[in-house]
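What follows is calculated from the coordinates using simple rules that are stated; it is not laboratory data. Because the structure is predicted, anything quoted here is derived from the model rather than measured. Quick reminder, even Gly has a Cβ in these numbers, built from the backbone with ideal geometry, and neighbours come from all protein chains shown.
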Amino acid sequence: MHSNLVLAGIVLLAVGTYAIRFAGYRLGSRMSMSPRVRAMLSDAATVLLLAVAVTTALFEGSQFSGIARVLGVLFAVFLAWRRAPLILIILGAAAMTALLRYLGVP
């Protein structure tokens, strides 16, 4: 039963994403938006992604994920700020988190 709900959720999100993208493609040239509205929509997408990233970094289920993961994410932010390649950011964050957990940091 649980796997069926997960599969239904994935399908629903895929269909919704496709519908939103298709609507944007079809309606984008018909609707005129001011530069301010375009900027707000762009900022809204960034805020949504940031909220998902912060929630994922801080929580695992309903429990706090631990300081090791938070420090790993902060290390990834540092590497991104230094304009490191994406693969190095991902591997660096994973290595930092693994090292801290190995050393006993929760």
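Computed from point charges on the beta carbon alone (+1 for Lys and Arg, -1 for Asp and Glu), the dipole magnitude for the chain about its Cα centre is near 400 Debye.
Kirkwood hydrodynamic radius (Cα pairs, Å) of region 57-106?
Working: mean 1/r = 0.0913 Å⁻¹.
The answer is 11.0 Å.
Can I get the semi-axes of region 2-44's equivalent ellipsoid? Compute them from the C-alpha gyration tensor as square roots of 5 times the eigenvalues, in angstrom, largest first.
So the three semi-axes of region 2-44 are 31, 13, 4 Å.
Each Lys or Arg adds one and each Asp or Glu takes one away; over the other residues whose Cβ falls under 15 Å from the Cβ of Arg69, this sums to 0.
Our summary of shape: the Cα atoms of region 41-83 have principal axis extents of 32, 28, 7 Å, ordered from largest down, in whole angstrom.
Every Cα-Cα pair in the chain was counted, and those over 24 Å apart are 50% of them.
Rounded to the nearest Hz, the phi-derived 3J(HN,Hα) couplings of region 37-44 under the Karplus curve 6.51 cos²θ - 1.76 cosθ + 1.60 (θ = phi - 60°) are 5, 4, 5, 5, 5, 5, 5, 5, where x marks glycine and proline. Taking each residue as 0.36 nm, the span from Ser32 to Ile90 lengthens on full extension beyond its C-alpha to C-alpha distance by 17.0 nm. Protection proxy ranking for 20-31, 54-65, using the average of other Cβ atoms within 10 Å per residue and placing the highest first: 54-65, 20-31. The spacing between region 18-79 and region 86-106, judged by their C-alpha centroids, is 23 Å.
Rounded to the nearest 0.05, what FRET efficiency do Ala44 and Phe22 have when you use their Cβ-Cβ distance and R0 = 22 Å? Walk me through the intermediate numbers first.
Numbers: r = 19 Å, r/R0 = 0.88.
The computed FRET efficiency comes out at 0.70.
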